[in-house]
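Report on one structure; see the data block that follows.
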Protein chains: 2
Amino acid sequence: MADPTAEEFANLAWAIAHPARVQIVRLLIGREACVCGEIVACLPLAQSTVSQHLKILKESGLIQGEVNGPKVCYCINRVQLERLKALVTGL
Amino acid sequence: MADPTAEEFANLAWAIAHPARVQIVRLLIGREACVCGEIVACLPLAQSTVSQHLKILKESGLIQGEVNGPKVCYCINRVQLERLKALVTGL
DNA sequence: ATCGTTGATCGTAGATGAACGATGCGGGGC
DNA sequence: GCCCCGCATCGTTCATCTACGATCAACGAT
């Protein structure tokens, strides 16, 4: 075995393997860019919890955030998103 | 929020959010049907561990297994697989 | 310089996942 | 009947996720 893509696949799948993260990703896809505070407002979770989910998504490469003054602007990484789609449809 | 599909999405994504389960799914897709023992032979895991992964995949609906004498034959559930693909490409 | 806002990080608690060995159970073969 | 094979399940251990409040760091505004 030792499928090289199996692990990459699992990582990407795991990133969205949580309802909150699915919603975050969908939110960012539909909005082009979004400040962290808005995301927190859209979810029934504490700010720290949302921040952790954002960290997980960032580590997977699905999203990226850039500091904009005191705020942080998150947006989708289309490249990784397409990578995920390709892996799934390639099943 | 309360995205009804977010949870379904997360469940399906979580089912393949593990390298071993990705390999199992790929194996079944490529083989049409496969006895449990063959799957165990293809993975560097104990039989009981593989059995648990199969249980998880079965609960997600991605695969289904039918008893065939002393053996159990697993196969992909194309319907759920297409459902997963649709959810991902629909992002 | 101080303060308020924004978001990341820390620390913690409870729940769940992953892996294994051992055991249980049903079906065939002797 | 008895035993072996194939698979599921149980029980356990260790690690990780999830969620939260509290705290910390960076920045802008006053």
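When shorter helices are ignored and each DSSP H run of at least 4 residues is given -39500 (n - 2.57), the per-residue value for the protein assembly as shown at 222 nm works out to -19500 deg cm²/dmol.
Of all lysines in the structure, the ones whose alpha carbon falls short of 16 Å from that of residue A:55, not counting any fewer than 8 places away in one chain, are A:71. Restriction of the trypsin sites (Lys or Arg not before Pro) in the stretch A:1-81 to DSSP coil positions whose beta-carbon has at most 12 other beta-carbons within 10 angstrom yields no sites. Near residue A:41, once Lys and Arg are set to +1 and Asp and Glu to -1 for all other residues with Cβ below 14 Å from its Cβ, the sum equals +1. With label points set 7 Å from Cα along Cα→Cβ, the inter-copy distances at residue B:77 are 3.2 nm, sorted shortest first. In this assembly of identical copies, the label point of residue B:5 (Cα plus 7 Å along Cα-to-Cβ) is separated from its counterparts by 2.4 nm, sorted shortest first. The ranking of B:60, B:51 by Cβ neighbour count inside 10 Å, starting from the fewest, reads B:51, B:60.
List the GluC sites (Glu not before Pro) in chain B that DSSP assigns to loop (not H, G, I, E or B) and whose Cβ has at most 13 other Cβ atoms within 10 Å. Which are they? The qualifying sites are B:32.
With one equal scatterer per alpha carbon and no solvent term, the Debye-computed log10 I(q)/I(0) for the stretch B:4-89 at 0.15, 0.26 1/Å reads -0.51, -1.39. Sorted shortest first, the distances from the residue A:51 label point to those of the same residue in the other copies are 4.5 nm; each point sits 7 Å from Cα along Cα-to-Cβ. Note on residue B:58: aspartates and glutamates with a C-alpha under 20 Å away, same-chain residues under 8 apart excluded, are B:7, B:8, B:32, B:38, B:66, B:82.
Only one residue of A:56, A:13, A:30 has its Cα farthest out toward the positive end of the dipole of chain A, where Lys and Arg carry +1 and Asp and Glu -1 on Cβ, and that residue is A:30.
Just so you know, all these numbers are worked out from the coordinates, no wet-lab data involved. Being a predicted model, the structure only gives us computed values, none of them experimental. Methodologically, a virtual Cβ is constructed for each residue, glycine included, from the backbone with ideal geometry; neighbour enumeration extends over all protein chains shown.
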